[in-house]
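The values are calculated or read from the model by the stated rules, or taken from the named source; none is laboratory data. Owing to the predicted nature of the structure, the values given are computational and were not obtained by experimental measurement. Positions of Cβ are backbone-derived with ideal geometry, glycine not excepted, and every protein chain shown enters the neighbour counts. Quick note on the areas: whole protein, heavy atoms, side chains included, nothing else; ligands and nucleic acids left out. Shrake-Rupley method; radii C 1.70, N 1.55, O 1.52, S 1.80 Å.
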Amino acid sequence: MNYIETAKQYTGNDVESIFFRPILTGPGAQELGVRVLYNMPMPTIVQLWDRNQHLLKKFTDNGWTGGQPAVKYQKQIPMERVKAELGFSAADYFSLVYEQIAARADVNMQDLTGTILEQAETELFKQHIAEDLRVTMWLGDTKMSSGFNSFNGFLTSLKSGVTDDMINYQTYTASEMENPTATVELFESLWKSADQRLQSLRSEGQLAIFCTSDIYYQYEKYLDQLGVESSFRTTVEGQPALAYHGIPVIDVQLGRYLPQTAQHQSFCILTDRRNLVMAVNTADMPGNEVRMWYNPDEMENRQRAVFMVGCEILDEEMLVYAYRE
């Protein structure tokens, strides 16, 4: 066998159960680090409720003392129809899929059934789509002529907010970040500038500091300099996850992609994970599908996925943004 020629098409529930739900729920959603809404009814609207105060009243007499009903806010997430397409030389494609199969311990390499091949092909395509979703949800800008322009990402909204003075933002220079201690000062400044509502959510465990790799690396260097035994172990063994006063510090890992955009090349964000939302829909638009087929004319294996996706910051006041000038 040198080529994979069997066509595969997923529509309806198959698109959801086989392809998208595994990468957008559970561990897949956690790897994205933000709030993911999958197959919410269109248009995708998030309900935001303002918590009522002074609910407890003196019990003095009969009657209703509930006062005004809870204030309800709504935020609609703009959705764009997008497609993902990949093309491989037939020989290269077979090698990639075969590698996926060979890495599994439960496969008899002398009896490769259609199901095993299908799973390997699907996994290969899912990996590419998951990475592109992750990058575009941060860097996407529909005004770009090429590149990550399928839908607007979080940084496009933040950059617009900085221009319009709609968000709480700070700036720093490259020279200021040369000292590792400056990262701690930056984190402290973000915390002090945060809205009290955001600070009060710390106990819920959803606050996070999202930063570019340069900031993350400098914070690692700061921790290395502390000189305690735990710092030595971290230097030798590494640290799977960093935190600042219990708030996770997350490297957004965009270094290889940022130079391709007009976004701020270094940044740091303090917010609640639930405040950053990506919505994906594969159910409510006719023609949404995943297809994999072999083109004999070009001797090429092709993959295509068509679906809806969009990003939104629910409340810009619940966010502090710092970027390098």
M285: passes all of (1) at pLDDT 90 or above; (2) more than 18 Å from the chain's Cα centre (by Cα); (3) farther than 19 Å from I215 by Cα but (1)
Here the residues within the stretch 275-290 that are buried (at least 17 other Cβ atoms within 10 Å of the Cβ) and either farther than 30 Å from L207 by Cα or of a type outside the set (V, I, T) (or both) are N275, L276, M278, A279, N281, A283, N288, E289, V290
Among the residues in the stretch 22-32, are any at pLDDT below 85 and at positive phi?
yes
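Out of all the residues in the stretch 11-29, which are part of a helix (DSSP H, G or I), of a type outside the set (G, A, S) and within 19 Å of the chain's Cα centre (by Cα)?
Of all residues in the stretch 11-29, those part of a helix (DSSP H, G or I) come to 13-24, 27-29.
Remaining after also requiring of a type outside the set (G, A, S): 13-16, 18-24, 27.
Within the stretch 11-29, E16, F19, F20, R21, P22, I23, L24, P27 meet the criteria.
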Residue hits (the stretch 62-108; at pLDDT below 65, of a type outside the set (D, E) and open to solvent by 60 Å² or more (accessible area, probe 1.4 Å)) are Q68, P69, V71, K72, A103, R104, A105, N108
All conditions in (1) modelled with pLDDT of 90 or more; (2) farther than 29 Å from N275 by Cα; (3) acidic (D, E) are true of E204 except (2)
